[in-house]
Structure formats: C-alpha cells, structure tokens
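Chemist: Just passing along the structure, written as structure tokens.
The values are calculated or read from the model by the stated rules, or taken from the named source; none is laboratory data. Everything quoted here is computed from the prediction, not taken from an experiment. Here the Cβ positions follow ideal geometry from the backbone for every residue, glycine too, while neighbour counts run over all protein chains shown.
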Amino acid sequence: MDNLRLWHKFLETIKPNLSSANFKSWFLKTSLKGLTENTVILSTPNAFVKETLSQKYLPLIRETFEKLLDKKVSIEFIIKETEQIQHEEENDFFQPVQTKSFLNPKYTLENFVVGPSNNVAYAAAQAVVQNPGTSYNPLFLYGGTGVGKTHLMIGIGNTLQAKNARLKIIYCPSETFMNDYVGAIQTRKMADLRSKYRKADILLIDDIQFFSGREGTQDEFFHTFNELQSKNSQMILTSDRSPHEIEKLEDRLKSRFAGGLMLDIQPPDFDTRVAILQAKCLERGESLPEDVMETLAASLNSNIRELEGELMRIIQVLKLKNLQPTMENIGSLLHQSPSPAALKDPKKILSGICDYFDLPLKDLTGPRRQKELVLPRHIAMYLLSEEVGLTVEKIGGMLGGRDHTTVMHGRDKIKQLVLMDRDVQKVMVEIRSRLIHK
Ligand code: ADP
Ligand code: MG
C-alpha cells in the first residue's frame, strides 16, 4: 500500500470516531510524510495541530496505524515547512480549496426532531431559510453540549444550499477561523484570509466561545462581521453559553451578537428524547420496541450525543450476543459504569483534593489567593460541576463565596487542560482514583 492510500485508509478508519469538526480541524490538513520500519511520520500544517494531535489523539493514531500495518509503530510529528505552505497557498489563490463548503449531509432540518426545548430555535431556523440575511442576522444559538446546535446550524446551511447551489456557504468551527488567522499572520497572507471569509454569502461559525481571550482573532472577526452584515450575508453562530457569559470577549462583539437574535436550546424533555431515539434508529435501519426506547430515554442523561452513542452501543451488543431487544436484556446493559459514590459527594471531593495537594481545607475554601491554591481550586470547581452537577453559584458558595463567573472560568480552564496538558491529566487520574478507592 503506498503512503497516500495508507493515509486515506487511516482517515476512513478514524472518521467515525470523531466529530466532523475535530476530524476536519486536526486531520484533514495533516498528511503522511513517510514510513520507516516502525515509525510513522505525520506532517502537520502548524504547531497548534501538532500539539493537539500529540496530546489528544496519539493513542488513536497509533492504534489505528498498528491495526492497518499489523505491527507496532511509533508516531512522529513534523511541521510542514512554511515555504511549502506558502507555495500551496499561492496555488490555491484563485481557487482556494478551503472555501469549498463542506456541510455534513447528515444534518438536515428534516431530520431535526422538534420539541418544547428547541421549537423556538427551529422556528428561527425556518425564518432564516425563508429570508437569509434579513430577518435575524446573526442568529446566535447557544446551549449545552449535544443539544443540537451544530445540527440545526448545518441543517440551515444544507437547506439554503439545496435552494441555491451558487450560494457560497462557509461552515467553520471557531478553531478553524483562529488557525486561519494565525496562519495568515505567519505567512503574511491576511488578504487571502479576508477574501475567504468576507466573500461568504452564508457564514456559519461553530462554538464561538473558543474566541475567548483571542484578541487578534476577535478583532479580525469583528471586521468580517461588519462587512458581512452590511452585505446582508447571513451569519449563524453557536456557543455553549450566551455572549454575555463568554469571558474575555470584547464588548463590541457581544453587542453585535445581541443585535441579531439570540436563542437558547434546552436539553430535550423525555418525549423529545424518545422521538430522537426513534429517528436515529430509523435512519440506521434499526428498530427497537417502543418500551425499550422509553426505558433508554428515561435512564440516560439528556446529552443527545451520548444518548445516541449509548443507543448504538446497545444495538451492537445485542447483535454481538445475539440477544433479543427485550426490557430484561436492555436493563442489564444499561448503567454499566455508574460514577462511584465518592465522586458524587462534594465533601469527599474537597477533602480528596486537599489530601492530594497536602492543603488544609480552610486554605482551599479560604480567601487567600496564593498561586499554589489556584490549580486545586480550579480542579474543585471542575469536579463539583462535572461530577456532582452542582450549579456554579452553589460551587462559588462552597469555595468561600466566590463569584459564579470565577467558578465558570476555573471549570472551563480544567476542561481544556485535561485535553491538552499531560501533568493535569495525571493529577486528575490520581485524584479520581484516590476518591474511588477511599
Ligand atoms: P451540539 O452542537 O449542541 O453540541 P450536535 O448538534 O452536535 O450538538 O448534536 C449532537 C447529536 O445529537 C447529533 O448527532 C445530532 O444529530 C443529534 N441531535 C441533537 N438534537 C437533535 C434533534 N432535535 N433531532 C435529531 N437529532 C438531534
Ligand atoms: Mg456543536
């Protein structure tokens, strides 16, 4: 198998395991540079991609290559030389590859299940489809993970594209915009960046909360925004929280976002969850009895992505074990890994963190702002929020009356670090395992 075929095989194999945003951001611009006896060398477009791949995706990459090549390999990353990028960009200048929009055809307005949690957002989507650029610009959709923001946004894009094939629609996870911006600075190709985004008829930016703290990106986006708005090009933005709750986001952007229509999507209620599960089964040509579907919807949490994952897992296990989809069989498959009780107990969590860092509890919850207290506090905020599910206000109270925005900041910081930072990953594993074995 030559390198190109091998790389394509690799992409095909990993694609189902990743969200399309992650797949595009981290893998599509990466390539297989070379292959020696037992080393696979991957060439990444920039340091950011290299870092993310090696911090977050190394096991997946290695295991996949090992399966494909049927031997043990190690993975090395190099950064594509700048000249090469410049060269490619020059070639791309008249027909930039990246501007060919790719909208995941899986997400349509037709297969978006409407219920009380999302009907207002859905109605707004319909209005945007009727009159893009004029009725609600921007449309700002926000809500927790897995509630269907990306699905609805891309659904609008697909419908508009079907109505008019010549519309230039750009879908872009916020990371892509940031990377493009950084790349444009490095290669002094700001004009290309501008022509790419400012020519869009429809611009879809996903998960814009990641613009937080990125001043240069925000500034560039502000100008893009103004230009597109003045041309009546429709913009749709999503975020996991409302613009006001995004820290380190310039006020002028907040007020621009608020100038369109901001709508939240809530986690779906029970009936909507059942309807979504039914739709997902149907799409995949599977069927499960209604009572089974209801049990699933009742027992699983409201993140639809997880719900869907769990549905697929159960269908697979039933097939593998050759079991009928009865209530008894499903019941035994559910709840296979409940969180240990200690991870649900705020007091135990706090004392576990203190044990690990060798701190008195009164320091963790006290007013002092010493540097060495920052990480333990952030970890407390993260675990109390993610594991116990306490509100940020409540957590602020437990940690000595800290403000809820401080808590949000700390929680999100750890959320990011557990993906990127090996030391923090180790600390978290250690704290969790101590709590579990307490
Ligand atoms: P978000 O962007 O809010 O994190 P996604 O749009 O990625 O969530 O949705 C997660 C999964 O749940 C996707 O597979 C999506 O198709 C599905 N989903 C979410 N809401 C709905 C809905 N109302 N109808 C059908 N599928 C949905
Ligand atoms: Mg999303």
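Yes or no, residue by residue, for (1) closer than 25 Å to Leu103 by Cβ; (2) modelled with pLDDT of 95 or more; (3) surrounded by fewer than 22 Cβ atoms within 10 Å (Cβ to Cβ); (4) of a type in the set (S, T, N, Q):
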{"residue": "Tyr197", "(1), (2), (3), (4)": "yes, yes, no, no"}
{"residue": "Ala200", "(1), (2), (3), (4)": "yes, yes, no, no"}
{"residue": "Leu204", "(1), (2), (3), (4)": "yes, yes, no, no"}
{"residue": "Thr217", "(1), (2), (3), (4)": "yes, yes, yes, yes"}
{"residue": "Glu227", "(1), (2), (3), (4)": "yes, yes, yes, no"}
{"residue": "Met235", "(1), (2), (3), (4)": "yes, yes, no, no"}
{"residue": "Pro243", "(1), (2), (3), (4)": "yes, yes, yes, no"}
{"residue": "Leu249", "(1), (2), (3), (4)": "no, yes, yes, no"}
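Chemist: What number of residues within the stretch 276-304 satisfy the criterion of being modelled with pLDDT of 85 or more and within 16 Å of ligand 2 (Cβ to nearest atom)?
Modeler: So the answer is 2.
Chemist: Can you tell me which residue is farthest from ligand 1 (Cβ to nearest atom) among those in the stretch 12-21 that are in a helix (DSSP H, G or I) and free of Cβ contacts under 8 Å to residues at least 24 places away in the same chain?
Modeler: Glu12
Chemist: Go through the stretch 398-430 and give me each residue that's surrounded by 15 or more Cβ atoms within 10 Å (Cβ to Cβ), modelled with pLDDT of 85 or more and part of a helix (DSSP H, G or I).
Modeler: Of everything in the stretch 398-430, those that are surrounded by 15 or more Cβ atoms within 10 Å (Cβ to Cβ), modelled with pLDDT of 85 or more and part of a helix (DSSP H, G or I) turn out to be Met398, His404, Thr406, Val407, Met408, His409, Gly410, Arg411, Asp412, Lys413, Ile414.
Chemist: Pairs needed: first member in the stretch 197-215, assigned by TED's automatic domain parsing to the domain that holds Gly133; second member anywhere, among the small types (Gly, Ala, Ser) and more than 16 Å from ligand 2 (Cβ to nearest atom); C-beta distance under 7 Å; at least 6 residues apart or different chains.
Modeler: Listed by first residue and then by second, the contacts come to Ala200/Ser233; Asp201/Ser233; Ile202/Ser233; Leu203/Ser233.
Chemist: Residues of the stretch 163-196 being within 13 Å of ligand 1 (Cβ to nearest atom) and either in the same structural domain as Phe48 (by TED's automatic domain parsing) or among the polar types (S, T, N, Q) (or both), which ones?
Modeler: Step one: of the stretch 163-196, the residues within 13 Å of ligand 1 (Cβ to nearest atom) are 171, 173-174.
The answer is Ser174, and nothing else.
Chemist: Moving on to the next point. What about Pro16, is it surrounded by fewer than 16 Cβ atoms within 10 Å (Cβ to Cβ) and either closer than 23 Å to Tyr171 by Cα or of a type in the set (Lys, Arg) (or both)? Walk me through it before giving the result.
Modeler: Working: surrounded by fewer than 16 Cβ atoms within 10 Å (Cβ to Cβ): yes; either closer than 23 Å to Tyr171 by Cα or of a type in the set (Lys, Arg) (or both): yes.
So Pro16 passes the test.
Chemist: Let me ask something else about it. Kindly evaluate Arg368 against the criterion of being away from ligand 1 (no atom under 16 Å from the Cβ), surrounded by fewer than 18 Cβ atoms within 10 Å (Cβ to Cβ) and assigned by TED's automatic domain parsing to the domain that holds Ser433.
Modeler: Here the answer is yes, as Arg368 does meet what is asked.
Chemist: May I ask you to list the residues in the stretch 27-51 that are modelled with pLDDT under 85 and part of a helix (DSSP H, G or I)?
Modeler: Result: Ala47, Phe48, Val49, Glu51.
Chemist: Out of all the residues in the stretch 148-162, is one or more within 16 Å of ligand 1 (Cβ to nearest atom) and of a type in the set (Lys, Arg)? Step through it out loud before you land on a result.
Modeler: So the first thing to find is which residues in the stretch 148-162 are within 16 Å of ligand 1 (Cβ to nearest atom), and the list is 148-159.
Checking the rest, the ones that are also of a type in the set (Lys, Arg) come to 149.
The answer is yes; a qualifying residue exists.
Chemist: If you don't mind, another one. Can you pull out every residue in the stretch 218-234 that is under 13 Å from Gly133 (Cα atoms) and either aromatic (Phe, Trp, Tyr) or not assigned by TED's automatic domain parsing to the domain that holds Ile169 (or both)?
Modeler: Taking the stretch 218-234 first, the residues under 13 Å from Gly133 (Cα atoms) are 225-234.
Passing the criteria: only Phe225.
Chemist: Within the stretch 244-292, work out how many residues are under 22 Å from Tyr122 (Cβ atoms) and within 14 Å of ligand 1 (Cβ to nearest atom).
Modeler: Total meeting the criteria: 21.
Chemist: Looking at Ile315, Ile330, Ile395, Ile379 in this structure, which one is among the β-branched types (Val, Ile, Thr), part of a helix (DSSP H, G or I), within 16 Å of ligand 1 (Cβ to nearest atom) and free of Cβ contacts under 8 Å to residues at least 60 places away in the same chain?
Modeler: Ile315
Chemist: Still on this structure, please answer the following. Could you name every one of the strands (runs of 3 or more DSSP E) located completely within the stretch 129-234 that has at least 1 residues being among the charged types (D, E, K, R) and within 16 Å of ligand 2 (Cβ to nearest atom)?
Modeler: On the way: elements: 139-142, 169-173, 202-206.
It comes to 202-206.
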